[in-house]
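> For reference, the structure I am asking about is given below.
The values are calculated or read from the model by the stated rules, or taken from the named source; none is laboratory data. Keep in mind that this is a model prediction, so the values were computed, not measured. Don't worry about glycine lacking a Cβ; one is built from the backbone with ideal geometry, like all the others, and counts go over all protein chains shown.
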Amino acid sequence: MNEDKDTPFLARWARRKAEVREGKPVPAEPLPVVVAPAPPAPPAAAEVAAPPTPEPPPLTLDDVAQLDTKTGDFTRFVRPSVTPEVKNAALHKLFHADPHFNVMDGLDTYIDDYNKPDPLPASMLRQMVQAQFLGLFTEDETKAKEAGKPAAPDDQDADLRLQPDDAAGRRGPEPGPEPDADRQH
C-alpha cells in the first residue's frame with residue numbers, strides 16, 4: 001500500500017490496467033472520507049421574535065435631484081430593484097458632475113475623429129513630386145524669384161532636408177561593363 005502512494009498516478013493506472021487485462025483481481029482502493037458540515041444551530045428566540053425591517057420606498061427621480069455628488073451615496077441607486085430610468089439618471093449625474101469621472105483616459109483607441117485630415121507642413125508639401133507635378137507652388141516660386149527671396153522657406157534642419165536629385169540631368173558614362181572588360185590580354 002505504501003508503494004502505491006509513492007508511485008506516480010499514471011504508473012499505478014498503467015499497472016492496474018495491465019493486471020485487469022491479465023485477469024488478476026485488483027484490490028479496491030479505500031474511498032476518501034468526506035465529513036459533512038454540521039447543521040446550523042436553531043435561531044435564538046430573540047431573533048425569531050424580531051419583526052422584519054420594512055422595505056424602503058422605491059427611489060424616484062426626485063431622489064436623484066436631491067443627491068449630493070460630493071458626499072452622496074450612489075450605491076443605493078445601482079441595486080437591481082431600482083428602475084433603469086432612475087439608475088441612469090443617477091449615474092449621469094455622477095459622471096457629469098465630478099470631473100474625476102468625466103475625463104477620458106486616452107487609452108481608448110477609437111476616441112479620435114479620423115475624419116479630420118492630418119495636414120502636411122508646407123515645407124514637406126513643396127518637396128513632394130506630386131505637388132511639383134501639379135504645379136501647386138509655381139506661382140509662389142515665380143513671385144519669390146521676382147522679389148529676390150528664396151522660393152521655399154528654410155524651416156527645416158539642413159541635415160534632414162531632402163537633397164535635389166540631379167542624377168537625371170547629369171551626363172556621364174552609361175552604367176554597365178567597362179569597354180575594356182571584354183578584351184582579353
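> Which condition does residue 108 not pass, out of (1) assigned by TED's automatic domain parsing to the domain that holds residue 65; (2) under 22 Å from the mean Cα position of the chain (by Cα), if it passes all the others?
Failing condition for residue 108: (1).
> Please name all residue pairs, on different chains or six or more residues apart, with Cβ atoms under 7 Å, provided the first residue is in the range 65-81 and is touching a residue at least 24 places away in the same chain (Cβ under 8 Å) and the second residue is of a type outside the set (A, V, I, L, M).
Once the first residue is touching a residue at least 24 places away in the same chain (Cβ under 8 Å) and sits in the range 65-81, its partners that are of a type outside the set (A, V, I, L, M) give 67/93; 69/93; 69/98.
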